[in-house]
Structure formats: structure tokens, C-alpha cells
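*Asks:* Sharing a structure with you now.
The values are calculated or read from the model by the stated rules, or taken from the named source; none is laboratory data. Since the structure is predicted, the reported quantities are computational estimates derived from the model, not experimental observations. Neighbour counts are summed over all protein chains in view; Cβ atoms, including those assigned to glycine, are modelled from backbone coordinates with ideal geometry.
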Amino acid sequence: MKNFYHFLVALLANIYYRFPSKKLLLIGITGTDGKTTTANVIYQILKAAGKKVSLITSVNAQIGERKFDTGFHVTTPDPTEGSKFLRMAVDQGSEYFVMEATSHGLDQNRLAFCNFNVGVLTNITHDHLDYHQTHDEYVKAKAKLFKKVKWAILNREDESFEKIKKFIDPSKTKIITYGLKAGDFTIKKFPFTTPLPGEYNQHNCLAAAACCHTLGVSTETIKKVLKTVKSIIGRLEKIDYGQGFQVFIDFAHTPNALQNVLSYLKTILPPSGRLIAVFGSAGLRDRTKRPKMGETAARLADIIVLTAEDPRTEDVNQIINQIAEGSKSQKAKVHKIPDRQEAISFAVHKLAKKGDIVVITVKGHERSMCFGKIEYPWSDQQAVKQALKKLKKGR
């Protein structure tokens, strides 16, 4: 019934806005992690190639020359909002449109009547099983993006590759693959440099390169953009007030994303430094990933501080304890501080020493935190800056 409701809203919205996606070359990016970065890189490449392009991600909407701060808690907007942005893009002369497509948005028909020409898959790892129930159902929801596209850009090295491939009709859709070592686009076949850190961002860059090359953008333009690509707010964002240790903010909110971020930070950690991870897990969302995140963090970090992250109507202490269950088999020291500002301040004031790295994850770019059923203003960036300024003043 809920899916039919969204289908009906999508139909009415498209009638009202005159089916705007038909006038655009629409690129959809789906996957558990890396959607926002990949979408932004594709956008920057197309723009550098002289294309008229617009963009919607969980961080922002760039419609023609106008920028909108979205900060969506749900990455894919409702059909009315999405159709409005698509119509604005058409009216402002855009020819291309890049947007994230979540499993929820695809499954609930929020993207019905969006005529995607290109589908890009980053990866499918553990998340959203509260909604999809099983991993196979999660994969099936993602696969909906590729039913009618002309080109499917798939991660050859992701475990989901063969499963997704089964849903694609090769007589209608051409599959282009990428990967660090396997695929049509690899580091060896398509060498490039980028300031974006970690192997996971090399995957994101290769996905963007495969997509844009397929659309006719020159190799020279793609490599030039990748070499100078701009980072995104809340994605390994460094906050520096001369504190003597490094502080990063990231959006990692799945076991896979957390592993990617912590693994990378360990490679830049000074020999005598310690890795300190501050994070939580959302209430009323996939509970099965909580102990997995605890295990991942405790395995890779030296100290973890568990705290609030949109607890909603759940008991934040119960969520923290469920995360902590997964950390018991590891050696990392675990602290439990439900108040997120207190947790960040504790990590910065009491734990961190010269040479350490503190990383605060899960919230990233978001500008609110949900307690009960109310969204309260929140910013990890402001919380970190407040803690660092107080530390500097104390010194």
C-alpha cells in the first residue's frame, strides 16, 4: 500500500511537472557506500567537459547555477521534491542530471517515472536489513535501477556483481565494469591520481570515469578532474585548529564504510599515535549492523567512544550496548558517553595526545539529530570546533 502511495504521488508529480526526466540524460548512482562521492565526481567531470548538468545528493542539490542545501536524512527525496528539481533543471537548460538512487527510493516507487539512461553501482554491503529483511531482497531493490537503462556501470570486484548481472537484459543494456584490478576500467588500464584518500575512493573514481567515458567525455578531461577533484563536506573532512593531533569527520555509517575509513587512517597514523573512533548507530534502523560496527571499530581503532546518532524513540544506552557487544572480542578500550557533544569533547580533551588521530563518524554532513520524533539542530563540524576552541583556550 505504501509503495502504491508513492507510485501515485510520483505519477501526479510527473503529470504536474510534465515528466521532466524525459528531457534529460539521467544518471542514477546506487550502492551501500560511496554514492555521494561518485555522484559528485561524475558531476564535476561532466561540468569540466562543458556539459550542462545538475545534481541531487544527500548533501546538496546543484540545479543549473543554483545550489540548495538538502542535508537529506533520506538520500532519495520524495517524488514531488525530486520532480520539482528535475523540472527546474530542464527549465535552466540542463542536459544531464546526476542523482543518488537508494534501495528505499527504488523499492517504494519514489523514482517511478524517472527515465534513467545510466545506472552506476558502487557496492552492496551490510545495511538496511530492518527494511529489506534479507540481503537478497536488498540486492533485488538495487537491481531495479538497471531494468531499463542503456548502460550499467558495475563494480566487478564487489560480491554483488553476479547477482546484479542476472537482473540485466544484455540485449537492452550494455554492461561496463570497473575495479582496482578487474574490469573494463582498472588502475592499470586507466591510471590516474586523485587527492581523495583510500582504495574505496579509487573505486568511486573508477566508477565515475567509466560512466563519463561511456558518455563520450575524453580521457584527458576525466583524468584532469580526478587529479584536482574537490572533496565533499563530511567525507574525511579534516578539522585543524593547530591542536597537535588530527581530527576527521566522516559519514561512515555501515560496517564496510567504517572499515574503509579506519583502515585508511591507520596508514597515515604516526608510529606512536593512536586511532580514536567516536560513533554511534541510528535508532529504528538495521539493528543487526550494530555489533558488526562495534567489532570493526574495536579491531581497527585503539580506543572507541560510543555515543548517540539519531536514537529516535529507542533508548540510546541500549543502542550503545548493542554496538559494544561486538567489540568484546577485541582489545580496544571502549567508552560509553550518550551525549554526542560530551563524547566528542571527551575524545578531544581527555583522550587525544600529540600524534593521535580522532575520527568522528556517522553524521558527516547532516544538520540535525533525531530524538524521539523531533529533529534537533546538530552539526559534527560545530561540535568539533567548539571542543577544539575550548581545548586551545584551556592551553
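*Asks:* Out of region 373-390, which residues are part of a helix (DSSP H, G or I), over 24 Å from Pro271 (Cα atoms) and of a type in the set (A, V, I, L, M, F, W, C)?
*Replies:* Ala383, Val384, Ala387
*Asks:* Of the conditions (1) in contact (Cβ under 8 Å) with a residue 60 or more places away in the chain; (2) in contact with an Asp or Glu (Cβ under 9 Å, 6 or more places away or on another chain), Gln92 fails just one. Which one is it?
*Replies:* (1)
*Asks:* Return the residues of region 292-315 that are surrounded by fewer than 19 Cβ atoms within 10 Å (Cβ to Cβ) and either touching an Asp or Glu at 6+ places or on another chain (Cβ under 8 Å) or closer than 17 Å to Lys363 by Cα (or both); say none if nothing qualifies.
*Replies:* Arg312
*Asks:* If you go through region 96-133 one residue at a time, how many are modelled with pLDDT of 85 or more, over 14 Å from the mean Cα position of the chain (by Cα) and polar (S, T, N, Q)?
*Replies:* Qualifying residue count for the region: 2.
*Asks:* On to the next question. Using beta carbons and a limit of 7 Å, which pairs, at least six apart or on different chains, have the first residue in region 305-321 and assigned to a helix (DSSP H, G or I) and the second one of a type in the set (A, V, I, L, M, F, W, C)?
*Replies:* Val316/Ala308; Ile320/Leu306
*Asks:* Pairs only if they're at least six apart or on different chains, beta carbon under 6 angstrom, first in region 381-395 and farther than 17 Å from Ser368 by Cα, second modelled with pLDDT of 95 or more and of a type in the set (A, V, I, L, M, F, W, C); list them, first residue then second.
*Replies:* Ala387/Ile344; Ala387/Val348; Leu391/Val348
*Asks:* Is it the case, given these coordinates, that Val348 is in the same structural domain as Thr313 (by TED's automatic domain parsing), touching a residue at least 40 places away in the same chain (Cβ under 8 Å) and outside any helix (DSSP H, G or I)?
*Replies:* So Val348 fails the test.
*Asks:* Further question: Pull out all pairs, ordered by first then second residue, where Cβ-Cβ is under 6 Å, the residues are six or more apart or on different chains, the first lies in region 233-255 and is on the phi > 0 side of the Ramachandran plot and assigned to a loop (DSSP other than H, G, I, E, B), and the second is at pLDDT 95 or above and aliphatic (A, V, I, L, M).
*Replies:* Filtered contacts from region 233-255: Gly234/Ile249.
*Asks:* Could you tell me which residue of region 134-162 is surrounded by the fewest Cβ atoms within 10 Å (Cβ to Cβ), considering only residues that are of a type in the set (Lys, Arg) and at pLDDT 95 or above?
*Replies:* Top of the filtered list is Lys150.
*Asks:* Could you grab me the full set of residues in region 23-51 that are outside any strand (DSSP E or B), in contact with a strand residue (DSSP E or B) (Cβ under 7 Å, 6 or more places away or on another chain) and farther than 16 Å from Ile222 by Cα?
*Replies:* Leu24, Gly31, Lys35, Thr36
*Asks:* Applying the selection to region 324-372, what residues are under 20 Å from Pro271 (Cα atoms), of a type in the set (Val, Ile, Thr) and either touching a strand residue (DSSP E or B) at 6+ places or on another chain (Cβ under 6 Å) or surrounded by fewer than 18 Cβ atoms within 10 Å (Cβ to Cβ) (or both)?
*Replies:* Listed by number, the residues that qualify are Ile357, Val358, Val359.
*Asks:* Let me ask you something else. Tally up the residues in region 78-114 that are part of a helix (DSSP H, G or I) and either closer than 24 Å to Val139 by Cβ or of a type outside the set (S, T, N, Q) (or both), please.
*Replies:* 16
*Asks:* Inspect all residues belonging to region 264-279 and state whether any of them is in a helix (DSSP H, G or I), in contact (Cβ under 8 Å) with a residue 24 or more places away in the chain and in contact with a helix residue (DSSP H, G or I) (Cβ under 8 Å, 6 or more places away or on another chain).
*Replies:* yes
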